[in-house]
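Novice: So that we are looking at the same thing, I have put the structure below in structure tokens.
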Amino acid sequence: MKNILLSAAALALLAGAASAETVRLGTEGAYPPYNYIDDNGEVAGFERVLGDELCARAELTCEWVTNDWDSIIPNLLSGNYDAIIAGMSITDERKEKVDFSQNYTPPSASAYAAMSEGVDLEGGIVAAQASTIQSAHVVETGATLLEFPSFEDAVAAVLSGEADAVLADKDTLVPVVSEGEVMFVGDDVPLGGGIGMAFRKSDPELRAKFDAAIQSMKDDGTLNPLISEWLEDSPTFE
């Protein structure tokens, strides 16, 4: 009888391990402080800390996958990973392709940075990362848009004189401005509906698990301190 009981317990443990769900989280790894690759080659940043906590609350085993920004939604849809957590603003255009969780940051400001004041932000050349709410806004202003595959490339265009200014999330520009080579110019620009996780429309159950985990962090007051720690100029939830 003892051996039978032990066998039953072992089977239960194996069944539990088999039922554990491994979820692959896709991120860019090139958009600090939201996500970046640290000195050990690991994904780090605000969204790494947040994502690991959300996975723990949802009782999911998570793996991190990096992907270039310009193909991050297509590779979600093709199954290369199960969710995107990559500083992605919630927009109506993206909702046509993916489903979003509730936002895990409130809407925050975008900002312009340039080498000097007096730059023509509406008639000049403005750099932005491709396929972002900032690149779409530059087009709307009438300025000449220079799109780049990464945030770093967009900033480099200003430093090299290829562009007059760069438009990006203000949080990402703060450390760049602090280095002293560029300055904030013009007014902040409110864009998007906050940042959320993106899922395939065929995965409503997975989206619901992360949605509940995000809500639990809002409810118990642990999300706002995390935002304040990593995103200096970002608002928090009221």
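The values are calculated or read from the model by the stated rules, or taken from the named source; none is laboratory data. Small disclaimer: the values here were computed from a predicted structure and weren't measured. Every residue, glycine among them, receives a Cβ derived from its backbone with ideal geometry; neighbour counts consider all protein chains shown. Protein only, heavy atoms only, side chains kept; ligands, DNA and RNA dropped before computing areas. Shrake-Rupley method; radii C 1.70, N 1.55, O 1.52, S 1.80 Å.
Novice: Per residue, how big is the convex hull of the chain when only Cα atoms are used? Give it in Å³.
Specialist: Cα convex hull per residue, to the nearest whole number: 142 Å³.
Novice: Among DSSP beta bridges lying fully in the chain, give the percent that are antiparallel, nearest 5.
Specialist: 55
Novice: I'd like the per residue volume of the convex hull spanned by the Cα atoms of the range 56-111, given in cubic angstrom.
Specialist: Cα convex hull per residue, to the nearest whole number: 125 Å³.
Novice: As a test question: what accessible area, to the nearest 10 Å², does Tyr104 have when a 1.4 Å probe is rolled over all protein chains in place?
Specialist: 0
Novice: Order the peptides 117-127, 154-164, 82-92 from the highest to the lowest mean number of other Cβ atoms within 10 Å of their residues.
Specialist: Highest-to-lowest ranking by the protection proxy: 82-92, 154-164, 117-127.
Novice: Okay, moving on. Divide the volume of the convex hull of the Cα atoms of the range 98-238 by its number of residues and quote the answer in cubic angstrom per residue.
Specialist: Per-residue hull volume (Cα only) is 108 Å³.
Novice: Please list, in order along the range 227-238, the HN-Hα scalar couplings obtained from phi with the Karplus expression 6.51 cos²θ - 1.76 cosθ + 1.60 (θ = phi - 60°), rounded to whole Hz, x for Gly and Pro.
Specialist: Values per residue, Gly and Pro as x: 4, 5, 5, 9, 10, 4, 9, 8, x, 10, 7, 7 Hz.
Novice: Amide H of Val23 versus every other amide H placed in the peptide plane: which residues, excluding those fewer than 5 positions away on the same chain, fall under 5 Å?
Specialist: Thr61, Cys62, Glu63
Novice: Per-residue HN-Hα couplings for the range 213-225, Karplus 6.51 cos²θ - 1.76 cosθ + 1.60 at θ = phi - 60°, whole Hz, x for Gly and Pro?
Specialist: Each residue of the range 213-225 in turn: 5, 4, 4, 5, 6, 5, 5, 8, x, 8, 6, 4, x Hz.
Novice: Would you calculate a helix-derived [θ] at 222 nm for the chain, using -39,500 (n - 2.57) for each DSSP H run of n ≥ 4 and dividing by the full residue count, to the nearest 500?
Specialist: Helix-only estimate at 222 nm: -11500 deg cm²/dmol.
Novice: Stick to the Cα atoms of the range 172-232, pair each with every other, and give me the Kirkwood hydrodynamic radius in Å at one decimal. All intermediate terms of the calculation are to be shown ahead of the outcome.
Specialist: Working: mean 1/r = 0.0674 Å⁻¹.
One over the average 1/r among Cα pairs gives 14.8 Å for the range 172-232.
Novice: In the range 69-179, what % of DSSP beta bridges are antiparallel (nearest 5)?
Specialist: 40
Novice: For the range 112-165, what Kirkwood radius comes out of the mean inverse Cα-Cα distance, in Å?
Specialist: For the range 112-165, the Kirkwood estimate is 10.7 Å.
Novice: Can I ask one more? From the backbone phi of the range 176-188, what are the Karplus-calculated ³J(HN,Hα) couplings (6.51 cos²θ - 1.76 cosθ + 1.60, θ = phi - 60°) in whole Hz, Gly and Pro given as x?
Specialist: 5, 5, 5, 6, x, 7, 10, 9, 6, 9, x, 8, 5
Novice: While we're looking at this one, here's another question. Suppose every K and R has +1 on its Cβ and every D and E has -1 on its Cβ; what is the size of the dipole of the range 125-238 about the Cα centre, in Debye to the nearest 20?
Specialist: 520
Novice: Tell me, what % of the accessible area of the chain is carbon and sulfur with a 1.4 angstrom probe?
Specialist: 50
Novice: List the residues whose amide H sits under 5 Å from the amide H of Val185, counting only those 5 or more places along or on another chain, with H placed 1.01 Å from N in the peptide plane.
Specialist: Tyr112, Ala113, Ala114
Novice: On to the next question. For the range 133-238, state which trypsin sites (Lys or Arg not before Pro) are in a DSSP loop and have at most 13 other beta carbons lying within 10 Å of their beta carbon.
Specialist: Lys201
Novice: Using label points projected 7 Å from each Cα along Cα→Cβ, tell me how many nm separate Asp220 and Ser78, to one decimal.
Specialist: The modelled label-to-label distance comes out at 3.8 nm.
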